[in-house]
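Read through the structure below, which is laid out as structure tokens, and then see the notes.
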Amino acid sequence: MSVFKTMSQDLVASLDLAYEPVGVTLFREGDPLPDLPFTAENLKSYCQALALAGKGRTLLLAKEQMGCKLGTAVLGFEAEMEAFLDDGVLEKYGVGLYGTEEASAATIRNSTYLEQGKTRAALIAPLATFREPPQVAVFTADSEQVMWLLYAVNYDRGGRMDLPQSGGALGGCADITALPLLQGIPNVTFLGLG
């Protein structure tokens, strides 16, 4: 049994998680891809992929398979993000999350981004399936479960934990994937339309 399978089983049992912990590894141009076929279906978002992996699915995705272009921009799949600013969250989700296009664009511009145009694929799968450490581990959890996870993260260091939020959008891609990957810090999000 792999160390990640044991770890995942222990976490699910100890915290009574409804979703399995998920591992994410992003592949840049030139990186060898895992020996898996690309997932055939198109998803609405990276957030949806995280939820599906938490229920046991292994997904190898290219940018064309993730409908949320804000997410693919954050994760470094897109060579240029300006084209998505005039199609911000206000229009994209059609629910009036921001009062103006400028407010929507400010949220997007001030988010955390991986290097543009350098990512070519994402492996999003249950943590238990990984043989090597994933770049990021993601947990779908309720508030008490998050509390225990944060205690574990802060066990040796203690002190205050700053948990930056993207301000109303980009939770799965920016808050709990790009930020931890770039800065090596844990984070939480209350967002994600997946």
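The values are calculated or read from the model by the stated rules, or taken from the named source; none is laboratory data. Remember, it's a predicted structure, so these values are computed and weren't measured experimentally. Here the Cβ positions follow ideal geometry from the backbone for every residue, glycine too, while neighbour counts run over all protein chains shown. Quick note on the areas: whole protein, heavy atoms, side chains included, nothing else; ligands and nucleic acids left out. Shrake-Rupley method; radii C 1.70, N 1.55, O 1.52, S 1.80 Å.
Looking only at residues in the stretch 43-65 that are closer than 17 Å to Cys173 by Cα and of a type in the set (S, T, N, Q), the one that is most open to solvent (accessible area, probe 1.4 Å) is Gln48.
Within the stretch 144-162, being open to solvent by less than 100 Å² (accessible area, probe 1.4 Å) and within 23 Å of Tyr19 (Cα to Cα) holds for Gln145, Val146, Met147, Leu149, Leu150, Ala152, Val153, Asn154. Against the conditions (1) free of Cβ contacts under 8 Å to residues at least 12 places away in the same chain; (2) assigned to a loop (DSSP other than H, G, I, E, B), Phe190 satisfies every one except (1).
Taking the stretch 1-42 as the range and being modelled with pLDDT of 95 or more, surrounded by 20 or more Cβ atoms within 10 Å (Cβ to Cβ) and aliphatic (A, V, I, L, M) as the test, the residues that pass are Val22, Val24, Leu26. Among the residues of the stretch 6-37, those that are part of a helix (DSSP H, G or I) and out of contact with any strand residue (DSSP E or B) (no Cβ under 7 Å at 6 or more places or on another chain) comprise Thr6, Met7, Gln9, Asp10, Leu11, Val12, Ala13, Ser14, Leu15.
For the stretch 146-160, state whether one or more residues are part of a helix (DSSP H, G or I), in contact with a Gly (Cβ under 9 Å, 6 or more places away or on another chain) and in contact (Cβ under 8 Å) with a residue 12 or more places away in the chain. Taking every residue of the stretch 146-160 in turn, none turns out to be part of a helix (DSSP H, G or I), in contact with a Gly (Cβ under 9 Å, 6 or more places away or on another chain) and in contact (Cβ under 8 Å) with a residue 12 or more places away in the chain.
Within the stretch 69-95, residues that are within 19 Å of Leu179 (Cα to Cα) and acidic (Asp, Glu) have Cβ atoms under 8 Å from residues that are open to solvent by less than 70 Å² (accessible area, probe 1.4 Å) and at pLDDT below 75 in these pairs: Glu78/Phe84, counting only partners at least 6 apart in sequence or on another chain. I want to confirm something. Restricting to the stretch 66-89 and keeping residues that are in a helix (DSSP H, G or I), open to solvent by less than 40 Å² (accessible area, probe 1.4 Å) and within 20 Å of Ala40 (Cα to Cα), which single residue is modelled with the lowest pLDDT? Checking each candidate, the answer is Gly71. Within the stretch 141-160, one or more residues are modelled with pLDDT of 90 or more and within 25 Å of Lys44 (Cα to Cα). With respect to (1) of a type in the set (S, T, N, Q); (2) farther than 16 Å from Thr177 by Cβ; (3) touching a helix residue (DSSP H, G or I) at 6+ places or on another chain (Cβ under 6 Å), the lone exception for Thr140 is condition (2). Scanning the stretch 38-65 for residues that are assigned to a loop (DSSP other than H, G, I, E, B) and more than 18 Å from Ser166 (Cβ to Cβ) turns up Phe38, Thr39, Ala40, Glu41, Asn42, Lys44, Lys55, Gly56, Arg57, Thr58, Ala62. Of everything in the stretch 110-135 that is among the hydroxyl-bearing types (Ser, Thr, Tyr) and not in a loop (DSSP other than H, G, I, E, B), the residue that is most open to solvent (accessible area, probe 1.4 Å) is Thr129.
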